[in-house]
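First the structure, in the form of structure tokens, and then the observations on it.
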């Protein structure tokens, strides 16, 4: 195994702090107990070298020797192959983890991200587009609620990257009070974000961006 | 390997025909030359047995002996493990395919699905929510365009499930004329949907739903 390097932005403004997607990778690395270091790429001037690593100009990406992986979902499956702490190792458990990883990122986040961005932007919310997205998120959350009411973990009867991703997908919904009607989702989210690995990952992201503020102030 | 069974709806109304997600799985199975049969679940009355297989009440799901997988992305990665026609087998190629699978389903479809649904619903499009989604899709397509302008395939220098998914994610955008400003995307989409496996999968989906119409008419 090479030296694992997680690249994120060198700084971001206050609102997305605690929600930048390097958090998902930090969290997984902490759960797995894998050694890593954090590198940065400029937030304000996205350079060609950035797009060469991450074609959307987003973060994070993970470098492992001569392999680089972008997309938080792909990074987490890649790390899942390295650590049984992140993924079941039996075929059925792996298939379950895989399907719930995509459920989080394709079935739920496709509704939850527009929903939370509309709130973040402060749109009035009376447009038909807002109604469509409200309804889209509602049918997804109702189904996740039914699943989580009957079990603790999404896949294989144990914690996996599927839970990590579903929890991080639910966090922005909860931030805008979107889980009020879904007690099983709220309890699940509290359980996941109560894990020491999440707390460390979250604190580390906030600390790194706070240090970047200080470096800027010092440079000013 | 068990007997591969792909389950989709027994019928759908006309507008989504050709776009129901079993198409992605049919296409992959045809590319891989894997034998399969198609089973159906009721579209109009979603029963408990359906939610037990696919917790969102959607389709498709794939059954392989005693393993069932839902989410088209997870199914395609599962099939990728069975067939080198669908996924590179070297670690770097696999990592690339994986990241582009998530790029299609998380970075692009998260913008393209709301965008195309807003058009499908005939919303007036002057709301700030519509403007946000237009801008979100634009920044994604501009980056995909830059990538596709310089290469034929997304991952590993060859066709993979990443191309299959990206093409199917771009199809609804193209349906509503959203690729007009992106010639590399249009050429890529034409190249992918020109493949015999896509044509067969698409024709089979349309034929199955047409047969369902006839069965309904006969029963009426």
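Details
- Averaged over peptide A:65-77, the number of partner chain Cβ atoms lying within 10 Å of each residue's Cβ comes to 6.
- If you wrap the Cα atoms of the stretch A:91-195 in a convex hull and average its projected area over all directions, you get 6.3 nm².
- Within 10 Å of each Cβ in A:176-189, the average number of Cβ atoms from other chains: 0
- Averaged over the residues of peptide A:92-98, the number of Cβ atoms from other protein chains lying within 10 Å of each residue's Cβ is 5.
- Listed by Cβ neighbour count within 10 Å, with the fewest neighbours leading, B:175, B:216 appear as B:216, B:175.
- Ascending count of other beta-carbon atoms within 10 Å, so fewest first, for A:188, B:182: B:182, A:188
- Contact order normalised by residue count of the stretch A:127-220, Cα under 8 Å, 6+ apart, percent: 21
- For the stretch A:1-127, the share of DSSP beta bridges that are antiparallel, to the nearest 5, is 60%.
- Separation between Cα centres of the stretch A:16-80 and the stretch B:170-220, rounded to whole Å: 35
- Each of A:171, A:151 has some number of other Cβ atoms within 10 Å of its Cβ, and from fewest to most they run A:151, A:171.
- Ellipticity estimate at 222 nm from DSSP helix runs (n ≥ 4, -39,500 (n - 2.57)) divided over chain A, nearest 500: -17500 deg cm²/dmol
- The stretch A:64-127 - Rg over Rh from alpha carbon coordinates, Kirkwood radius: 1.16
- Spacing of the modelled spin labels on residue A:214 and residue B:48, each 7 Å from Cα toward Cβ, amounts to 5.8 nm.
- Here the protein assembly as shown yields Rg over Rh of 0.95, to two decimals, using C-alpha coordinates and the Kirkwood radius.
- Mean Cα-pair separation over length for the stretch B:79-194, i.e. relative contact order, pairs under 8 Å, 6 or more apart, %: 34
- Normalising the average separation of contacting C-alpha pairs (under 8 angstrom, six or more residues apart) by the number of residues puts the relative contact order of chain A at 25 percent.
- Antiparallel bridge percentage (DSSP; both residues within the protein assembly as shown; nearest 5): 65
- Packing, as the average of other Cβ atoms within 10 Å across residues, places the peptides B:16-22, B:189-195 in the order B:16-22, B:189-195, highest first.
Bear in mind these aren't lab numbers, they're just calculated from the coordinates by the rules spelled out. Every value quoted in this text rests on a predicted model; they were computed, and no experiment measured them. In this analysis, Cβ positions are derived from the backbone assuming ideal geometry, glycine residues included, and neighbour counts consider all displayed protein chains.
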